[in-house]
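The values are calculated or read from the model by the stated rules, or taken from the named source; none is laboratory data. Everything numeric in this text was worked out from a predicted model, so none of it was measured. Here the Cβ is made from the backbone with ideal geometry for all residues, glycine too, and neighbour counts use every protein chain on show.
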Protein chains: 2
Amino acid sequence: MGFPVVGVVGGGQLARMMAAPALELGITLRVLARDAAESAAQVVPGVEIGDETDLAALRRFAKGCDVLTFDHEHVPTEHLRALVADGVVVRPGPDALVHAQDKTVMRARLTELGVACPRWRVVPDAAALEGFGDEVGWPVVLKTPRGGYDGRGVRVVATAAEAADWIGRGEPLLAEERVDFTRELAVLVARSPHGQAAVYPVVETVQVDGICREVFAPADISDEHALAAQRAALRIAEGLDVTGMLAVEMFDTPAGVLVNELAMRPHNSGHWTIEGARTSQFEQHLRAVLDLPLGDTRMTAARAAMSNVLGGDLEDMYGGYLHCMAHDPGVRIHMYGKDVRPGRKVGHVTTVGEDAEDVRARAVHAAAFLRGDPE
Amino acid sequence: MGFPVVGVVGGGQLARMMAAPALELGITLRVLARDAAESAAQVVPGVEIGDETDLAALRRFAKGCDVLTFDHEHVPTEHLRALVADGVVVRPGPDALVHAQDKTVMRARLTELGVACPRWRVVPDAAALEGFGDEVGWPVVLKTPRGGYDGRGVRVVATAAEAADWIGRGEPLLAEERVDFTRELAVLVARSPHGQAAVYPVVETVQVDGICREVFAPADISDEHALAAQRAALRIAEGLDVTGMLAVEMFDTPAGVLVNELAMRPHNSGHWTIEGARTSQFEQHLRAVLDLPLGDTRMTAARAAMSNVLGGDLEDMYGGYLHCMAHDPGVRIHMYGKDVRPGRKVGHVTTVGEDAEDVRARAVHAAAFLRGDPE
């Protein structure tokens, strides 16, 4: 059998964070990056420079890999099908991944599976949007089916006229009711090709302007809602035949949980697992795509908190290490090797402990200090 | 200030295990390895091929590094002094490191510091060895002052005549009384240039033929002995002006702890800290040599166990992952990317949990299974 080679398409921080568990397990990680300065390309020896939308580049990259997986969802589905036809092992496969690439396909399939979602409709024109809004109530959430992330490709509109610029493009849009949620949740599930699945504790996510800012584990919700959220995530993983990590973002409402978004890769809502769970989502993803038995998903402490470090006033974040590490010997700092630009995710910090408020305050303080924000 | 570059002289598994915390902290790791197939050279992009006994190679390597540190103790002291004279930041510095390179220098200095050691004497010839053995009792432990590791350069002799081959070389040897110990212990301390020190819980080590096989944290000893062991390690770190990790191997005896060996780098007795402590010895070493505040050394669970995977009957250890991971989702496997040779350390496994016997049995089982041993 021998130690395998895992190829990751995309050179972002998710690929970078796979490097540590790969080297621990003796698994060779290769990365297809657009340029050598990308986050993962800085830390992995096996980097190939190429564009993920170029089938020839993908084919060259796939040659040396036992399994191909992803840092992001931007590889065209038809290229993935061509690779599968070549005999490349692609995990998750194109039929699964399309649900994380196309929000309309995802909504249709989840509805088929009986998974609770916000009410939704494909709206080809202003009249359809008008009708949907009048039915579910304004404002409504409007999404481009493909290409969105970190809040891009999503907006809230109070009238159909407000959406004239998007509608004018002539592509059908996805309209969804705006859910009056009490909090946002995320559930991570790993699933392997032979069908084993392992679910992590439900977490609460705090989003600002569509960008994940903080994650708290476990979420402070009833056992009943937590179990329902985990069951929904497991049903999706199986129903969509996911291999690797699946992140299911949800709205918690008094009536139950509703699925918002999916990602089929390690996810920002699971960065806390590096220190907060016995098996990190990055190792779990590698195990799952290699069809190895999955690891223990239990927490290493009663509570964990993750706070993203966004680009702010400080260009040099290393200077902040002195204060942060001296102030809190337990804070775990992760930096992605990215140039600081305002609002860009350049790192995260994680804390673990017994007390939810203490753990949260420590993570928020460290992240704010690193970016140069007075609190 | 900016993110620093740490250069590690030596491409073994200790340098390899520094790669994960380095990439997490955004610190660039460079490695000077003898060849590109070495353990760390496989996983780090900034590898320079060169010999650690070649001053020109060391100088070339040091050029791009903010601080130079070590995977092993084999760099000649005079080369380190030359680098320091060049202005290179070398941590630990040559005056500290010599105590981990030369056992006679170490014994003399520890005795000066008042640290309890086995009785010892430099024996230049057979008559001196004879006198020492008659005084402390036979058999005695005989050591070559330099170059030993994993049991090499150490032997037990029942008479002076038995040591004729070593004595015949004409170099003074170090003779030590053979201590009737109840168990072997190790204490890890990190110390930074500005003098901060952080000590880990005392662990028990199990050695077979001079090679560390298992480590159990914390050691099952009295608080009084544990505190004495930690105090001795801290006194040594300060007295020798150590920067980086210091591992102090000790004998536990009814009368107290006696220092056996020192290493000034991450050490086999601290591999358990990757999962078993809030800050691993590898991250702690990087923090210490960079003069960053040290991390939390507390354990992540009540108990941790580490078992080395030695080369055995199986050449392909990846096959064993299926059983080990399915049998125990919590077992943590570390492989070093080294070719399997009988008795060679090619990896280790770590377990954490609440029950000492359970944690120990799980680690021993996984390591034995991976090497192909029926238990």
Taking the residues in region A:328-348 that are of a type in the set (A, V, I, L, M, F, W, C) and within 7 Å of chain B (Cβ to nearest Cβ) as candidates, determine which candidate is surrounded by the fewest Cβ atoms within 10 Å (Cβ to Cβ).
-> A:335
Flagged in region B:302-327 as surrounded by fewer than 19 Cβ atoms within 10 Å (Cβ to Cβ) and closer than 19 Å to residue B:214 by Cα, in numbering order, are B:302
Check residue B:313 against each of (1) closer than 24 Å to residue A:301 by Cβ; (2) in contact (Cβ under 8 Å) with a residue 12 or more places away in the chain and name the one condition it does not meet.
-> (1)
Across region B:38-53, what is the number of residues that are more than 18 Å from the chain's Cα centre (by Cα) and within 12 Å of chain A (Cβ to nearest Cβ)?
-> 7
Using the structure shown, decide if residue A:241 is in contact (Cβ under 8 Å) with a residue 60 or more places away in the chain and either assigned to a strand (DSSP E or B) or not assigned by TED's automatic domain parsing to the domain that holds residue A:307 (or both).
-> no
Of the conditions (1) hydrophobic (A, V, I, L, M, F, W, C); (2) at the interface with chain B (Cβ under 8 Å from one of its Cβ atoms); (3) within 20 Å of residue A:334 (Cα to Cα), residue A:25 clears all except one; give me its number.
-> (3)
Please enumerate the residues belonging to region B:1-14 that are among the aliphatic types (A, V, I, L, M) and away from chain A (no Cβ under 11 Å).
-> B:5, B:6, B:8, B:9, B:14
Any strands (runs of 3 or more DSSP E) falling wholly within region B:1-86 and containing at least 3 residues that are closer than 28 Å to residue A:325 by Cβ and in contact with a helix residue (DSSP H, G or I) (Cβ under 9 Å, 6 or more places away or on another chain) = B:5-9, B:28-33, B:67-70
The lone condition residue A:96 fails out of (1) within 28 Å of residue A:274 (Cβ to Cβ); (2) not in a helix (DSSP H, G or I) is (2)
Does at least one position in region B:268-280 carry a residue that is free of Cβ contacts under 8 Å to residues at least 60 places away in the same chain and over 15 Å from residue B:199 (Cβ atoms)?
-> no
Condition test on residue A:266, is it away from every other protein chain (no Cβ under 14 Å) and either over 17 Å from the mean Cα position of the chain (by Cα) or surrounded by 18 or more Cβ atoms within 10 Å (Cβ to Cβ) (or both)?
-> yes
If we keep only residues of region A:323-375 that are part of a loop (DSSP other than H, G, I, E, B) and among the hydrophobic types (A, V, I, L, M, F, W, C), then the residue farthest from residue A:301 (Cα to Cα) is A:340
Restricting region B:215-238 to residues that are in a helix (DSSP H, G or I) and not aliphatic (A, V, I, L, M), the residue that is surrounded by the fewest Cβ atoms within 10 Å (Cβ to Cβ) | B:223
Give me a count of the residues in region A:287-313 that are away from every other protein chain (no Cβ under 11 Å) and touching a Leu at 6+ places or on another chain (Cβ under 8 Å).
-> 1
